[in-house]
Amino acid sequence: MTTPPSRTLLVLIAGPIAAGKSAVSRALAKALRADGHQLALVELDQIADMARPTLPDWADAHRIFASVTTQWLDAGLDLVIAESVSSRSEFDLVLRNVPAGTPLLTVVLTCAVETALSRALTDPTRGVSRQEGLLRRVHAEWAQQKPLIPADVVLDTAAVPLAESVDRIRATLTAHLPRTDRQSSVDELIAEATAADVDGWGFGWLDGRAAEERPDWGYAGLLAEAVAGAELAIDLDTGGGEVLGQCPRLAAQQHVTESWPPNAAQALALLGPRGVQVHETEPGARIPLPDGTADLITSRHPVRPDWPEIARVLAPGGEYLAQHVGPGSAFALIEHFVGPTTEAQRRGRHPEDETAAAEAAGLEVTVLRTARLRMEFFDVGAVVWILRKCVWWVPGFDVDRYREQLLAMDEIIRREGSFVAHSTRHLLRARRR
């Protein structure tokens, strides 16, 4: 029997030595407590201090740190702040015994090694971490580890003041802390969601009303790294440009496509000032680039990947990088409204089928990773909103037509605390032969 997920939010603070992890963690804890939140702050150094100066090995401190973090998640608090991890293996160690579905926010702090050295040398409480050779080695190792840690918030503490760092993290926290509107009636929740804007491809309206696990590969980071090194790239089905817009640096010639006019307008407003060519295309249209011209094609949740078109546009050796929606995504939610689905419907978007189609079109699939992710809806308004936005989930969705199912959904959420479904995703990387 699997352990049920904790409703307590886990905030992981990651970064190298002297990146400001302790200062940010303590200031964040102080601010959140002032906001009225109940929380625990677990600090690796405090765990180690229990055994200093006779600490056998830092591996023991990391193991106990992970265990204490997991124990606090069972205490019924609003959140647990765990500081710190500095590698993917340490990140995995903390999460190893955390129940699946536990909401997670990962904050990555970084700074230049010269800044870290200056901080360490002026901190009399530090020991071996003041040694220049050690600091430089640790920061060099961190440069290799940072891309492996899926981050929700990334802050350069040399450039962002402490108070602003705390404010940015607090703003992001609202998207991860469940909010249950038990005092609102079902009709009030439905009316609110029906009137809400669903344009663009952002999901901020669901902050606190729904939660979904994220794949551990960190697509946003992979995308940022890929486009930064590309000469000519195109992002397919870009939505409002929200994901691509997070990338600090884009390709020298960056293009995007979008077929829904409201999204295309938002993408133009967001990406146009950065020199991006925004192509408003018809559904199923050809990619608006000549043969063999792109060294990178990207897409997050494409509507339907057109593999022959992707192969046509990619230059030899060019790469396709995408995160796809997998088979059976949100089907527990969908079937609540439409009844049982067919085996063929549940097989749609299967990664094996997509890999075969990509290979048949002339691509070589180099990476395929899959994930099954927990989704939770904390009020019926969140369900209404998502069905209005993802119109293909329940075609023809209308709150009057499906009122009976919405009332049943509201009863489930009020009784059990949430409605649970699961999504599937796969990361796919391929090269043009």
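Side notes on the structure shown:
- Net +/- balance of residues flanking Ala264 in space, Cβ distance below 9 Å, scoring K and R +1, D and E -1: -2
- Of the trypsin sites (Lys or Arg not before Pro) found in region 236-317, the ones in coil according to DSSP and having at most 15 other Cβ atoms within 10 Å of their Cβ are Arg249, Arg286.
- Kirkwood hydrodynamic radius over Cα pairs of region 318-401, then Stokes diffusion coefficient at 20 °C and 1.002 mPa s, in µm²/s: 142
- Per-bin percent of Cα-Cα distances, region 232-313 [5 Å]: 3, 16, 31, 27, 16, 6, 0
- Using just its DSSP H runs of length 4 or more, each adding -39500 (n - 2.57), the chain gives a mean residue ellipticity at 222 nm of -11000 deg cm²/dmol after division by all residues.
- Estimated distance in nm for a label pair at Glu364 and Asp167, the labels positioned 7 Å out from Cα along Cα-to-Cβ: 5.1
- Cα→Cβ-extended label distance, 7 Å offset, between His37 and Glu231, nm: 4.7
- Only aspartates and glutamates eight or more places from Lys146 in sequence, or on another chain, were considered; those with a Cα closer than 15 Å are Glu90, Asp92, Asp156, Asp216, Glu225.
- In this simple spin-label model, placing a label point 7 Å from the Cα along the Cα-to-Cβ direction at both Gln71 and Asp398 gives a separation of 5.8 nm.
- For the chain, a simple Cβ point-charge model (Lys and Arg +1, Asp and Glu -1, everything else neutral) yields a dipole of about 880 debye relative to the Cα centre.
- Heavy-atom SASA rank of Met409, Met50 (probe 1.4 Å, accessible area, largest first): Met50, Met409
- If the convex hull is drawn through the Cα atoms of the chain, its volume per residue in Å³: 167
- Straight-line cross-link reach from Lys30 at under 21 Å between alpha-carbon atoms covers these lysines, not counting any fewer than eight positions away in the same chain: Lys21.
- Region 40-112 and region 281-317: distance between their alpha carbon centers, rounded to Å: 43
- Relative contact order (percent, whole number), region 27-98, Cα cutoff 8 Å, 6+ residue spacing: 40
The values are calculated or read from the model by the stated rules, or taken from the named source; none is laboratory data. Because the structure is a prediction, the values reported are computed rather than measured. Note that we place each Cβ from the backbone using ideal geometry, even for glycine, and neighbour counts take in every protein chain shown. These accessible areas exclude ligands, DNA and RNA; they are computed on the full protein's heavy atoms, side chains included. Shrake-Rupley method; radii C 1.70, N 1.55, O 1.52, S 1.80 Å.
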